[in-house]
1. Would you check if ALA381 is on the phi < 0 side of the Ramachandran plot, open to solvent by less than 50 Å² (accessible area, probe 1.4 Å) and modelled with pLDDT under 85?
2. Out of all the residues in the range 355-400, which are among the acidic types (Asp, Glu) and free of Cβ contacts under 8 Å to residues at least 60 places away in the same chain?
3. Those residues that are within 40 Å of the chain's Cα centre (by Cα), more than 24 Å from SER209 (Cα to Cα) and open to solvent by 100 Å² or more (accessible area, probe 1.4 Å), I need them from the range 1-42; list them, please.
4. Outside the structural domain of SER61 (by the TED database) and within 27 Å of THR3 (Cα to Cα) - does that describe any residue in the range 186-201?
5. Which one of these does ASN237 not meet: (1) in a helix (DSSP H, G or I); (2) under 13 Å from the mean Cα position of the chain (by Cα); (3) not small (Gly, Ala, Ser)?
6. Of all the residues that make up the range 205-218, how many are within 20 Å of the chain's Cα centre (by Cα) and open to solvent by less than 30 Å² (accessible area, probe 1.4 Å)?
7. Please give the number of the condition GLN469 fails out of (1) farther than 25 Å from TYR375 by Cβ; (2) assigned to a helix (DSSP H, G or I).
8. Considering only the range 169-195, state which residues are assigned to a loop (DSSP other than H, G, I, E, B) and either under 13 Å from VAL137 (Cβ atoms) or not charged (D, E, K, R) (or both).
Amino acid sequence: MGTPTESALLEYGLLLGGDFDAQQHEIKILKVEPFNSVKKKMSVLVAIPDGRLRAFCKGASEIILKMCDKVVDSNGEPVLMSEEQVRNITDVINGFACEALRTLCLAFKDIDNTFYENSIPDSGYTLITVVGIKDPVRPGVKDAVQTCLAAGITVRMVTGDNINTAKAIAKECGILTEDGLAIEGSEFRSKSLDQMREIIPKIQVMARSLPLDKHTLVTHLRNMFKEVVAVTGDGTNDAPALHEADIGLAMGIAGTEVAKENADVIILDDNFTTIVNVAKSGRAVYINIQKFVQFQLTVNIVALMINFISACISGSAPLTTVQLLWVNLIMDTLGALALATESPHDGLMNRPPVRRGVSFITKVMWRNIIGQSIYQLAVLAVLYFDGKKLLRLTGPDATEVLNTFIFNTFVFCQVFNEINSRDMENINIFRGMFDSWIFIGVMASTVTFQVIIVEFLGTVASTVPLSWQIWLLSILIGSVSMLVSVVLKCIPVERETPKQHDGYDLLPHGPELA
């Protein structure tokens, strides 16, 4: 029980022959100071069997080393620590850190009985050992980081570890690049606002950081650079940054309750690769809503304009109230089911991120909406004003047949335009279509109900049965909208190019990486 670091130290002690049960019965714990992210250490005060008091301390190597003036020699006796020994120990710490090991120093201090037992000293310790702990990077993390970078998401590591350890792990994960900057929290805090404005875009690793450093970085990214910031964290100290970020991602296993309460999303498996799936799902939801809005606006514009223009010119509208209600059902309920339930795919991570303040209805959407609307309005207007002559309709029911044909053609234009809306930019609109049973089901249901309405519900929907030739012509006119879509997608549209640093995931080195 305990943190992974404590468990590793305990297991190592047991391997060296330590007797945990005996120690637990002989030693009485008097006071414990938990790990503090500011002091970077934890301490415990105990009473040993001979009646003396002893303080134990473990924490960040360079901090504990400064608290020590003695070191345990090869015989297990405390001796004064020379400057040469300090340099040698520092070299060992840096060597461990450069090998991506998390380094800790363990130290103790014997206290006489006159010392106030509720206080734990901060100096005069004897160094026991330097420990290097390997926190292996999880399989797939490097690929996940590369996926984020390809998607325009800049990944930054903000950690309390030694800077050499942080740099080694960041290089292993692909976070730290040759042109990137690794900085310590103390140096970051000392910068002025102008200096921060200059270095923040370059920062890829921040080591020995305080919770305030992460909060400051997030605040400046959002306010100074107008970026969309996502923060991951698991500790109580991460709560301010999780709360400040646009998206807070807390770890579900190792995360504290405080971190989870301040987060927007909880990662149940504590794995960074899951964060890529979160980003992919978020983009899928955003784009699916855009698809639906594009489809809905096209239907609304065409239905409104054809009825309005026809009523102004001839005094009557080709689409009745019941027919418009059916179109509204296609547009809202069935359209939402078909387009808003598309599952995420890997291609979403090749798209640039959406900048803050960008219009939801993009220029690409307007191109598709206007182009499809012009085509449908032109076809329906020609049919309404000259349809009897073109179709050679005669007899007393010619008007009813023409209006039914216009209604049927309008519906099939929407059916095929729904397929067009599956992809707003790529010509291949059929990619993955047959993998979505909801989309196929909606298309089949729409066509089936359209046949029932036209052929069997004429008294309700003001329609008359149509010949197979007219049915075929309606389907053909509707399918031409797919060709129109291909032509529209060949028209280049100027788009806003995102900056290099457009979206951020801030990573404290923790269980999501290791």
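The values are calculated or read from the model by the stated rules, or taken from the named source; none is laboratory data. Predicted, not measured: the structure shown is a model, and the values here were computed from it. All Cβ positions, even for glycine, are placed from backbone atoms using ideal geometry, and neighbour counts span all protein chains on display. Keep in mind that these areas ignore ligands, DNA and RNA; they rest on the heavy atoms of the full protein, side chains included. Shrake-Rupley method; radii C 1.70, N 1.55, O 1.52, S 1.80 Å.
1. Here the answer is no, as ALA381 does not meet what is asked.
2. Hit for the range 355-400 is ASP386, nothing else.
3. MET1, GLU11, TYR12 - these are the residues of the range 1-42 that are within 40 Å of the chain's Cα centre (by Cα), more than 24 Å from SER209 (Cα to Cα) and open to solvent by 100 Å² or more (accessible area, probe 1.4 Å).
4. From the range 186-201, those outside the structural domain of SER61 (by the TED database) are 186-201; that's our starting set.
Add one more test, that the residue is within 27 Å of THR3 (Cα to Cα), and what stays is 186.
Within the range 186-201, one or more residues are outside the structural domain of SER61 (by the TED database) and within 27 Å of THR3 (Cα to Cα).
5. Among (1) in a helix (DSSP H, G or I); (2) under 13 Å from the mean Cα position of the chain (by Cα); (3) not small (Gly, Ala, Ser), ASN237 violates only (2).
6. So the count comes out to 4.
7. (1) is the only condition that GLN469 fails.
8. Within the range 169-195, GLY174, ILE175, LEU176, THR177, GLY180, SER190, SER192 qualify.
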